[in-house]
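> Supplied in structure tokens, the structure appears directly below.
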Amino acid sequence: MTMPYETILIVVLALPFAGSCVAAVLPSNARNAEAWLAGAVSLACVVLLAVSYPQIDDGGVIRHTVQWMPELGLDFYLRMDGFAWVLAALIVAIGFLVVLYARYYMSPQDPVPRFFSFLLAFMGAMLGIVLSGNLIQLVFFWELTSLFSFLLIGYWHQTAQARDGARMALIVTSVGGFCMFAGILILGNIVGSYDLDQVLASGDKIRAHSLYTPTLVLILLGALTKSAQFPFHFWLPQAMAAPTPVSAYLHSATMVKGGVFLLVRLWPALGGTDEWVWLVGSAGLISFMLGAFIALFQQDMKGLLAYSTISHLGLITLLIGLDSPLAQVAAIFHLMNHATFKASLFMAAGIIDHETGTRDLRRLSGLRRFMPVTATLAMVAAAAMAGVPLLNGFLSKEMFFAETIETHTNSLLDQSLPYIVTAASMFTVAYSLRFIAEVFFGPPPKELTRIPHEPPFLMRFPVGLLVLACLLVGIVPSLTIGPLLLTALHAVLGDIIPIYSLAIWHGFTPEFVMSLVAITGGVAIYLMLRSYLLIAEGPPLLRHIQGQRIFDRVLVAISWQLARRLEELLGTRRLQPQLRLVFCAALLAGIAPMFAHGIDIWGTARTSFDVTFALIWAVGGACALAAAYQGKFHRFAALIFVGGAGLVTCVSFVWLAAPDLALTQLAVETVTTVLLLLGLRWLPKRIEKFPAADVPERDLSSRRYRDLGIAVASGGGLAVLSYAVMTRAAPDSIARFFVENAYTLGGGTNIVNVILVDFRAFDTFGEITVLGIVALTVYALLRRFRPAAESIPVPEQQSCQDLYDEAQPSREKGDTLRSAMAVPQLMMALVFPVICTTAVFLLLRGHDLPGGGFVAGITMAVAFILQYIARGTTWTEDHLRILPVHWMGAGLLMTAGVGVGAWWFERPFLSSSFSYREIPWIGSVPVASALLFDLGVFALVVGATVLMLIAIAHQTVRSHRTPSSRASSAAAASATAEVR
Amino acid sequence: MEIVLAIGIGVLAGSGVWLLLRPRTFQVIIGLSLLSYAVNLFIVAMGRLKIDAAPILGSHAADNINGLPDPLPQALVLTAIVISFATTALFLVVLIASRGLTGTDHVDGREP
């Protein structure tokens, strides 16, 4: 193997994600291909990890850093030490077995690409958690696992149970993840880095910090929700709605281990305080007891295993909370053991479910006769779970017992701990026994619809392999698990490793007595409760306290009742109050700083008063006020007034030395007016009547006064603000850079144009893209447009003309219109080439003199639209082929091409270049790549403007058809509606 | 000059805001136009007023670059003009489509 170890890290992390993408696109019945792919991916990861083992053996660490945002301390940092290696190996190895199992478990009707794709992506996310060397990155993968867990629990989304379970798991774990993110941010702030190495090295600093407790609580919230610890344990039983391979993989072997992994990982930095012992220890102890107790009373096999998982994770958490190095040894050991026996038990439960069609312990019985091999395997695994000697569960449990006997805080709880855990362990034994006794022993099952038999060998194989691991670890621990455990301990505890023994026989020690008491007590409990268990619904005492019900109530209260009351209180679906709020907020935001800092309005005027300018603005202001006044009942007049205000704005631009703006404003003003005129046709007639509508007059006028107040305040405020700014000296802004470099760097003398097509060309590129999108949206919206019934008939004026024409024998319909338009038609025909030439002229001179792509494009569009006005839609489109979408496409491609072209010369995107060329007759002509860019802008603006105008203009043509003829010529209508 | 322009901006903006708060769609659309005039002028005014020199090099003494008006707000406003045209067009189409669908030109899609 020549691959460097750093590369192995990347490949191990990337392979599952890549596999996930491939799995997603395979056909939906490709069960074998999916299984081969997923199996190959996980097996490859196993091999790669095995190859890298020598590097991390003995406390070594493989690191790989990719700089991302170094100034914020954010790097993509992969880090594998012994502990991470053990977890990663567990993830990929069990992943491989689960894939193999799932191949036979999933039925041919299930859409398997989704399943394997999510499963592989989950594997990648889980590897991301254990291999992250940066805490922010860890949080990212942490959230990813929550997400894929959600998707996998909800895999059979046709059942409500799966949807609810998935949602609950997502909400609980992601709320926890969010808290953890906050905790990690504080932690990073305390340490000054998110680097795991640095965080682990600054334990004393963290523990002494005043924010230690909130940090710890927040991070614990994340870890405890993920590991389903009390009081957040209730999501795990609900998650059992997932397919069994998912339960085996995510909800027993890997994802729920994420929480305890993080606790062990951060123990050197966060542990060693009373808060740690009490918070972590009590959560673990309660989960351990509660899980074991409730598990005994479950009737669903998977429910029993789920509560048992909560209980075992509680055991691990309790060990971590005991806060001694030896306890961490036991925690890591039990973490590995639990993954093996619990995954195999889940698989066995899945096999039984698969073969019998039920998971109800009351209905199952005597299956030993039908599936002896599965029965034997399950019995061994359950014995490991119960802590029977010669199996791996016994060893780690013995360590656990020994650790509880040790004195830690010497409180009453600490002293009574051995007795409490022994009692809880009795229940562990009892439910393990119950699982086996009720499923495999007793009389043959009666109520089953089919006769169960052994599953295919390959479905049993993963279970067998895991059980073999349980046996080997249980019988020869020092040869099998010993080195791996030592490797993991090196990473967590450093060089000081406490003395522990992996032997199976330590003599007649107190912990051995505890084990014996637990086993005999467990058998006794089962025998006593046996008849009660078969009729019981849920555990006694706790039957009525159900976590998920409380959760549902809280959820309904927050997301439904509270949200609705808030919406009733604060929300409105009406636009006017919303806009009113927006303006009031803007007003406040504008006025508040003036009050806070005071404002001196009166500066010194920098230009002298000009009567002409004042007169122009008298007209402009009057136009604006008149438009506001006439907007409701005289739309046409209002439109003319708005045009007047626009023209005054345009003149002001000329006056204020902004020739480019003036040109653009003039052209845009024209087009906007035409556009609005076209729209007027579709609005309802509104005739003024007094008193208006049925709204009470007083109500109406009070509303008007309020709006008037807001309008006056906004206008006045803006006037004061602009006066205050204009009468002050300008600060030295970045404008100087543009002025100084427009010619030397951009090769143009029109600074505004150089900014647009050169310095800030990327902005312009985005801007014209928006313009194109808007044009397409306009077109798309209008294709489905159905006018209101009263707007469909031909307008009054036109129908009068038509009636007159038809009444006269010498005239044909439409003659009046034709004769009225004869002169304009001639003029427009003559002016068309002139306008086109002007547009080209404006485009070409743009770089040096006022002009440019925007104004040229709109001018060109004006030329087209004038033809439409003078000749009508039909004639124009018969004689002139305008392809607006092609114009737009060409424009976008050209601008993008100019941008990409810079790459050929190894310059950044959109770099420009220019030179001067001597052309006969014309002289020295500047040739700049920016001109090509401007040409693209021009083409796009032409296309977009024409597309919008034509799309609206076409509505007239479409709606004039009567409904009957529309039906007969549906194809023709749609053809016309297409803008050619 | 400053006082005239300031009052002008104020009147345009005030009329625009008043129209935007009205219940009919056409009023809102022309209100938006008026407000965008005001805002465009306001942005140009942020570069202070220069009357006799366009931001074009070479048309006057090249060494006196301090005499040029600020080109940056002008470049910003140039695209703003075009974009506000696009916004107006989009809004107009929404307006007539909503009128066709709901049968009313009230901004809420139904008469109060």
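> Please report the spacing between the Cα centers of the range A:706-759 and the range A:498-516 in Å, no decimals.
A separation of 81 Å, based on Cα centres.
> Okay, next question. Compute log10 of I(q)/I(0) for the protein assembly as shown with the Debye formula, placing one identical point scatterer on every Cα and leaving out solvent, at q = 0.10 Å⁻¹, to two decimals.
-1.12
> State which stretch of chain A is the longest one without any exposed chymotrypsin sites (Phe, Trp or Tyr not before Pro), exposure meaning a DSSP loop state and at most 11 other Cβ atoms within 10 Å.
Answer from the scan: A:1-504.
> Where the centroid of each part is defined by its Cα atoms, how far is the range A:560-633 from the range A:200-279 in Å?
52
> Here's something else I'd like to know. I'm a student and want to see the number: the projected area of the Cα convex hull of the range A:749-980, averaged over all directions, in nm².
Result: 16.7 nm².
> From the C-alpha coordinates alone, can you work out the Kirkwood hydrodynamic radius of the range A:608-687, in Å?
13.6
> Follow-up. Determine the calculated [θ] at 222 nm for chain A from helices alone, applying -39500 (n - 2.57) to every DSSP H run no shorter than 4 residues and normalising by the residue count; nearest 500 deg cm²/dmol.
Computed mean residue ellipticity for chain A: -24000 deg cm²/dmol.
> So, one more: Calculated from DSSP H runs of 4 or more alone, at -39500 (n - 2.57) each and per residue, what is the 222 nm mean residue ellipticity of chain B, nearest 500?
Theoretical 222 nm ellipticity from helices: -23000 deg cm²/dmol.
> Additional query: Could you give each residue of the range A:776-784 its phi-based ³J(HN,Hα) in whole Hz, using Karplus coefficients 6.51, -1.76, 1.60 with θ = phi - 60°, and x for Gly or Pro?
With the stated coefficients, the range A:776-784 comes to 5, 5, 4, 4, 5, 4, 6, 4, 9 Hz.
> Tabulate in residue order the Karplus-calculated ³J(HN,Hα) for the range A:203-217, using 6.51 cos²θ - 1.76 cosθ + 1.60 with θ = phi - 60°, rounded to whole Hz; enter x for Gly and Pro.
x, 5, 4, 5, 5, 7, 6, 5, 8, 4, 4, x, 4, 4, 4
> So, one more: Give me A:H634, A:H954, A:H879 sorted ascending by neighbouring Cβ count inside 10 Å, so fewest comes first.
A:H879, A:H634, A:H954
> Out of the range A:581-663, which trypsin sites (Lys or Arg not before Pro) are coil in DSSP terms and have no more than 12 other C-beta atoms within 10 Å?
none
> Using only Cα atoms and rounding to the nearest 10 degrees, what angle (0 to 90) does helix A:659-680 make with the longest principal axis of chain A?
90
> If you rank A:R434, A:R811, A:R565 by fewest surrounding Cβ atoms within 10 Å, what's the result?
By the 10 Å Cβ count, ascending: A:R565, A:R811, A:R434.
> Can you give me the angle between helix A:853-871 and the longest principal axis of chain A, using Cα atoms only, in degrees from 0 to 90, rounded to the nearest 10?
The answer is roughly 60 degrees.
> Moving to a separate point now. Which loop GluC sites (Glu not before Pro) in the range A:400-477, with loop taken from DSSP, have no more than 11 other Cβ atoms within 10 angstrom of their Cβ?
A:E447
> Using C-alpha positions alone, give me the convex hull volume of the range A:534-666 per residue in cubic angstrom.
For the range A:534-666, the hull spanned by Cα atoms encloses 292 Å³ per residue.
> Using amide H atoms built 1.01 Å from N in the peptide plane, name the residues 5+ places from A:D300, or on other chains, whose amide H lies under 5 Å from its own.
A:L361
> Could you grab the relative contact order for the range A:749-980? Cα pairs under 8 Å, six or more apart, rounded to a whole percent.
27
> Next question, about the same structure. 5 Å is the cut-off here: which amide hydrogens, built 1.01 Å from N in the peptide plane, fall below it relative to A:L74, excluding neighbours closer than 5 in sequence?
Those qualifying (amide H under 5 Å, at least 5 residues apart or on another chain) are A:M69.
> Can you compute 3J(HN,Hα) from phi for each residue in the range A:836-845, using the Karplus curve 6.51 cos²θ - 1.76 cosθ + 1.60 with θ = phi - 60°, rounded to whole Hz and x for Gly and Pro?
4, 4, 4, 4, 4, 4, 4, 5, 5, 8
Quick note: the coordinates plus some simple rules give every number you see, no bench work behind them. Quick caveat: nothing in here was measured; it's all calculated off a predicted structure. So basically every Cβ, Gly included, is an ideal-geometry build from the backbone, and we count neighbours across all protein chains shown.
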